[in-house]
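Here's the structure, in structure tokens; my notes come after.
The values are calculated or read from the model by the stated rules, or taken from the named source; none is laboratory data. This structure is a prediction, so every number in the text was calculated from the model and none was measured. Every residue, glycine among them, receives a Cβ derived from its backbone with ideal geometry; neighbour counts consider all protein chains shown.
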Amino acid sequence: MSRQQIPLTLLLFAVATFGAMRVASVSTFESVAARQQVRSTPERLAQMQHHFSQVGLIHEAVIRGDLPAVREPAKQLAESEPPRDVAASTAPSVAAMRLGAKRAATAQDLGSVAAATASMLLSCGDCHRTAGTMPVPPTPTRPPVGGLVGHMLEHQRASDEMLEGLVIPSESQWIRGASRLVAAPLHQESLPRDKKLTPEIRKAEERVHQLAERAIKASTWKDRGDIYAQMLTTCAGCHSLHGMVWGPRRSP
């Protein structure tokens, strides 16, 4: 498979997997609330779905290294109305998420956007913890894929699990994703045959795995959020090496 063929192939699988995870995840808010006897309303569910979808769009754009695509969803999230009729104790988390969105909307570099994105994910987890609500992500079916595309999809799966760990929040899910990333090395023969790109891709790959090892050992949510921001920045840097935009949900 040539380097030019990789983005579209990766896109097709990424849209199916990450998109399915996001839609199914937001649909669980209602069922979880019912199980925990938390009174829910259609308005609140719509707000939660909107918040989660906007954070998802920002997250995907950061992974692609696509800074312009961050602006609109971040602006919408920063200007969104806070959920009504919820516990007052969740107000600081909602305010922190909106502040993170404002930072993302005005950030001038991907590192700053990644840090703001990680802070929003942590705010989601803080809000769920305070409210006693725990979203339950699905386990999407992923077809076996080999080569570089399969490797990147495994990276994405690990990243999704770590993201879920921050948002639920779930320490076990976080460690599961980090462990999956540690166990997913990229073999030399799978790298593009490019004298300029190959060494840089190898460096990014090594950096991601080093961060995954640190993620397993991290003991606080703040440390986990900082590591995740660094991972997002590393992914974005690798995807941006070639002057194109690769990654989830990019239209061909």
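For the reader, a short list of remarks on this structure follows.
- The condition of being in contact with a Leu (Cβ under 9 Å, 6 or more places away or on another chain), closer than 24 Å to residue 222 by Cβ and modelled with pLDDT under 95 holds for only one of 91, 114, 74, 61, that being 61.
- Of the set (1) surrounded by fewer than 19 Cβ atoms within 10 Å (Cβ to Cβ); (2) of a type outside the set (Gly, Ala, Ser); (3) in a helix (DSSP H, G or I); (4) touching a helix residue (DSSP H, G or I) at 6+ places or on another chain (Cβ under 6 Å), all apply to residue 82 but (3).
- The requirement of being closer than 23 Å to residue 222 by Cβ and within 17 Å of the chain's Cα centre (by Cα) is satisfied by residue 97.
- Qualifying residue in region 36-48 (condition: within 19 Å of residue 118 (Cα to Cα) and either touching a Leu at 6+ places or on another chain (Cβ under 8 Å) or at pLDDT below 90 (or both)): yes
- Annotation note: of 154, 164, the sole residue that is within 23 Å of residue 213 (Cβ to Cβ), of a type in the set (D, E, K, R) and touching a residue at least 40 places away in the same chain (Cβ under 8 Å) is 164.
- Any hit, region 9-30, residues being modelled with pLDDT under 90, assigned to a helix (DSSP H, G or I), touching an Asp or Glu at 6+ places or on another chain (Cβ under 7 Å) and among the aliphatic types (A, V, I, L, M): yes
- Scan of region 180-237 for residues that are out of contact with any helix residue (DSSP H, G or I) (no Cβ under 6 Å at 6 or more places or on another chain), at pLDDT 95 or above and not in a helix (DSSP H, G or I), ordered by number: 219, 220
Okay, residues lined up against (1) assigned to a loop (DSSP other than H, G, I, E, B); (2) among the polar types (S, T, N, Q); (3) crowded, with 23+ Cβ neighbours inside 10 Å:
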{"site": "98", "(1), (2), (3)": "no, no, no"}
{"site": "103", "(1), (2), (3)": "no, no, no"}
{"site": "108", "(1), (2), (3)": "yes, yes, no"}
{"site": "117", "(1), (2), (3)": "no, yes, yes"}
{"site": "130", "(1), (2), (3)": "no, yes, no"}
{"site": "136", "(1), (2), (3)": "yes, no, no"}
{"site": "144", "(1), (2), (3)": "yes, no, no"}
{"site": "154", "(1), (2), (3)": "no, no, no"}
{"site": "162", "(1), (2), (3)": "no, no, yes"}
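- Test: residue in region 134-150 that is free of Cβ contacts under 8 Å to residues at least 40 places away in the same chain and closer than 25 Å to residue 70 by Cβ: no
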